[in-house]
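Remarks on the structure that follows.
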Amino acid sequence: MEDLYPSRKNAKAEILERKDPVIYTDRSKDNSSPLTKEQVDSYEQNGFLQIKDFFTEKEVSHLQNAIFELQDSNKNSTSEKVIREPESDDIRSIFHVHQDDNYFKDVANDQRILDIVNHLLGSDVYIHQSRINYKPGFKGKEFDWHSDFETWHVEDGMPRMRAVSVSIALSDNYTFNGPLMMIPGSQNYYVSCVGETPDDNYKESLKKQKLGVPDQDSLRWLTEKCGGISVPTGRAGSITLFECNTMHGSTSNMTPFPRNNLFMVYNSVKNQLVEPFSGRKPRPEYIAVREGVKSVVTSS
Ligand code: 6CS
Ligand code: FE
């Protein structure tokens, strides 16, 4: 398959134009959308959309109990799905929760979310990846600037930009405890990064990403060309949908306040993974779902 979004191939970074729509549903059908026209416009323009108080307080406390139970039960786990912070034993992320835990399987199938992502992606969807990022107080380290799509294209073989991440805030996201930072409008540009992907890159990149982190000139160009930097803060229970190619990152957390987020990544069934464009072997199933995609997660 032709590589429309080459990256980590050249010695010089390059910024390419996006070749895919952001919204895949004909906008004339907005009246059937679970989102308002303003919300769809905002997502299309900025590459992300925050919906405050999406989950009720009761749902939030169930979700929080679930992530803390999982954090506790994995304290001494040696599972590959449990990623620890680079300088401590604190849990940084737990992957594949949508499959390994019935409670989170239900969250992934929440009809309110499915209706939104089906509309944005214009098709049925399946979970490409799920993870809880705990970013513990004092110890939670940064997630450097990156486009998820750049990694999912190069290392997982995701052909086109037709996926949405749903970040569910499960602790209050303040300006100071390492919230998600986005460059609004950056979804329209693809930063082709330098470097070459080694085998098993994920064993390092999930702790601290190096490859696929754009150079400073490209980041400066994006912030100047696009809309600066936005930080969608908000109470636990808010969700932030962000397009797979929206440039984002988050700083280390040096405060006592943890920043717990649950991420569900929805990919269109029309955008299923092929061979990684890096030429390397595919990443493990718990990072990039390939099996059983036939039984898609669909709206009713
Ligand atoms: O490699 C990945 O798939 C993961 N890395 C980051 C920094 N964001 C997306 C995803 O969780
Ligand atoms: Fe990311």
Subject >> Overall dimensions of region 198-261 by Cα: Rg and Dmax, Å >> reply: 14.6, 39
**OP:** Mind giving me the nanometre distance, one decimal, between the label points for residue 115 and residue 68, set 7 Å out from Cα along Cα→Cβ?
**Re:** 3.1 nm
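For region 140-244, what does the relative contact order come out to in percent, with C-alpha contacts under 8 Å and a separation of six or more?
50 percent
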Original post:
Could you give the length gained on full extension between residue 30 and residue 142, defined as 0.36 nm per residue of separation minus the Cα-Cα distance, in nm?
Top reply: 36.6 nm
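Out of the total accessible area of the chain (probe 1.4 Å, heavy atoms of protein only), what percent is carbon and sulfur?
Reported share for carbon and sulfur atoms: 50 percent.
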**OP:** Can you sort 226, 244 by 1.4 Å-probe accessible area, starting with the largest?
**Re:** 226, 244
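How much area per residue is accessible in region 40-296 when the probe is 1.4 Å and only protein heavy atoms are counted (Å²)?
Each residue of region 40-296 exposes 40 Å² on average to a 1.4 Å probe.
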Original post:
Translational D (Stokes-Einstein, µm²/s) of the chain at 20 °C and 1.002 mPa s when Rh comes from the Kirkwood sum over C-alpha pairs?
Top reply: 111 µm²/s
Original post:
If you rank 164, 213 by how much accessible surface each has, with a 1.4 Å probe, what is the order from largest down?
Top reply: 213, 164
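Compute the Kirkwood hydrodynamic radius of region 48-183, taking the inverse of the mean of 1/r over all pairs of distinct Cα atoms, and give it in Å to one decimal.
16.5 Å
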Original post:
In debye to the nearest 20, how big a dipole does the chain give about its Cα centre with +1 on each Lys and Arg Cβ and -1 on each Asp and Glu Cβ?
Top reply: 140 debye
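The values are calculated or read from the model by the stated rules, or taken from the named source; none is laboratory data. Note that the structure is a prediction, hence the values are computed from the model and not measured. Neighbour counts are summed over all protein chains in view; Cβ atoms, including those assigned to glycine, are modelled from backbone coordinates with ideal geometry. With ligands, DNA and RNA removed, areas are computed over all heavy atoms of the protein, side chains included. Shrake-Rupley method; radii C 1.70, N 1.55, O 1.52, S 1.80 Å.
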